[in-house]
1. Scan region 57-76 for residues that are at pLDDT 95 or above and either in contact with a His (Cβ under 6 Å, 6 or more places away or on another chain) or farther than 21 Å from residue 45 by Cα (or both) and report the count.
2. Touching an Asp or Glu at 6+ places or on another chain (Cβ under 9 Å) and farther than 21 Å from residue 76 by Cα, is that true of residue 33?
3. For residue 107, only one of the following conditions fails: (1) at pLDDT 95 or above; (2) more than 19 Å from residue 178 (Cα to Cα); (3) in contact with a helix residue (DSSP H, G or I) (Cβ under 8 Å, 6 or more places away or on another chain); (4) outside any strand (DSSP E or B). What is its number?
4. Among the numbered conditions (1) within 26 Å of residue 144 (Cα to Cα); (2) assigned to a loop (DSSP other than H, G, I, E, B); (3) not basic (Lys, Arg), tell me where residue 101 comes up short.
5. Examine region 192-201 for a residue that is of a type in the set (Lys, Arg) and under 19 Å from the mean Cα position of the chain (by Cα), and state whether such a residue exists.
6. Which residue, of 83, 69, is aliphatic (A, V, I, L, M), closer than 25 Å to residue 282 by Cβ, assigned to a loop (DSSP other than H, G, I, E, B) and not assigned by TED's automatic domain parsing to the domain that holds residue 238?
7. Residue by residue through region 25-49, note down the ones that are closer than 17 Å to residue 80 by Cα and under 16 Å from the mean Cα position of the chain (by Cα).
8. Collect the residues in region 276-286 that are at pLDDT 95 or above and more than 22 Å from residue 148 (Cα to Cα), keeping them in residue-number order.
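The values are calculated or read from the model by the stated rules, or taken from the named source; none is laboratory data. Values in this document were obtained by computation on a predicted structure and should not be read as measured data. No Cβ is skipped: glycine too gets one built from the backbone with ideal geometry, and neighbour counts run over all protein chains shown.
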Amino acid sequence: MGGRAVSVPLPIIAVLCGGTSAEREVSLGSGRACAVALARSFPTRLFEIETDALPSGLDPARHVVFSTLHGTFGEDGGMQRLLDAAGIHHAGCGAAASALTMDKARTKAAVAARCVQVARGVAFSAARKPAPDELLATLGEEIVLKPNNEGSSVGLALVSGRAALAAALGKITCGDWLAEERVVGRELSVGVLGGRALGVVEIRPRSGVYDFTSKYTKGLTEYLAPAPLDAATTRAAQAAAETAFAACGCRDYARADFILAAGENANSPLYFLELNTLPGMKETSLLPMSARCAGLDFTALVREMVGPAVARFRAGPAVAT
């Protein structure tokens, strides 16, 4: 007699939010929005993270983690390593890809190796800062300074000329940093789901700089979804997003950001900026905007985002990634 198929029950989706990074408040909003949406399809529990550790109550036999932690520890592979060690399945990128994509300089190198254009840059530590004249000679008069391993435009500064650059460098006292030539143009964002690009969103900050304030203050930035681009440019941005996703070993979902250089030329170059493996996830965030361009509402999007992890849970014990 043939054996009866064993039905594996739906896991409880454990939504992690909060954390200890500079992006804690952003994460709290993402987590609450995703928990509400996921509860329409799965049993769901929201965990607010207060320390750099796994929350109590997670069970690898019952839970699949959907993390909305942003920034350090949550997005840099720290939480992912703990989940892997505990045998807990989780949605999104594994520890190695998370650590790579949190390092902007390493990410740019990996993506450039796949023939996606990136802006010229110089990585440095606060203990070994380059001289202003050295950066100006390498990158030009207009320079972008940003922490090498923070998200949400934390610490971003645009400087012009030697005096402003020297002053900005003087304020850097700790951490790893990245100086880049400033590419003026249209800022674009492309969601990637299961390795396939979603729609292209254009970001138009009213100040001209998409920094932390412009990103999270209502009314300071206009978003166009889909971006008003010709078909060829749209396809180029989507292809570059897919290439970056693959180059960094990403899994399940991410968001890729670009600058389309200014100019009337239809072949204006597209510059890769960064990959965000745990992007903001309110209904009005960039990844959900990108998904809506592809016909996915917020509830459908989060269901698709967690779906591969649920499939891995049903297939057997978790293995480190």
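1. Number of matching residues: 2.
2. Numbers: touching an Asp or Glu at 6+ places or on another chain (Cβ under 9 Å): yes; farther than 21 Å from residue 76 by Cα: yes.
Considered against the rule, which asks whether it is touching an Asp or Glu at 6+ places or on another chain (Cβ under 9 Å) and farther than 21 Å from residue 76 by Cα, residue 33 comes out as yes.
3. Single failed check for residue 107: (2).
4. It is condition (2) that residue 101 fails.
5. Step one: of region 192-201, the residues of a type in the set (Lys, Arg) are 196.
Restricting the remaining residues to those that are under 19 Å from the mean Cα position of the chain (by Cα) gives 196.
Within region 192-201 (the criterion being of a type in the set (Lys, Arg) and under 19 Å from the mean Cα position of the chain (by Cα)), the answer is yes, since at least one residue qualifies.
6. Details: 83 fails: assigned to a loop (DSSP other than H, G, I, E, B).
It is 69.
7. Listed by number, the residues that qualify are 27, 31.
8. Residue satisfying the conditions is 281 alone.
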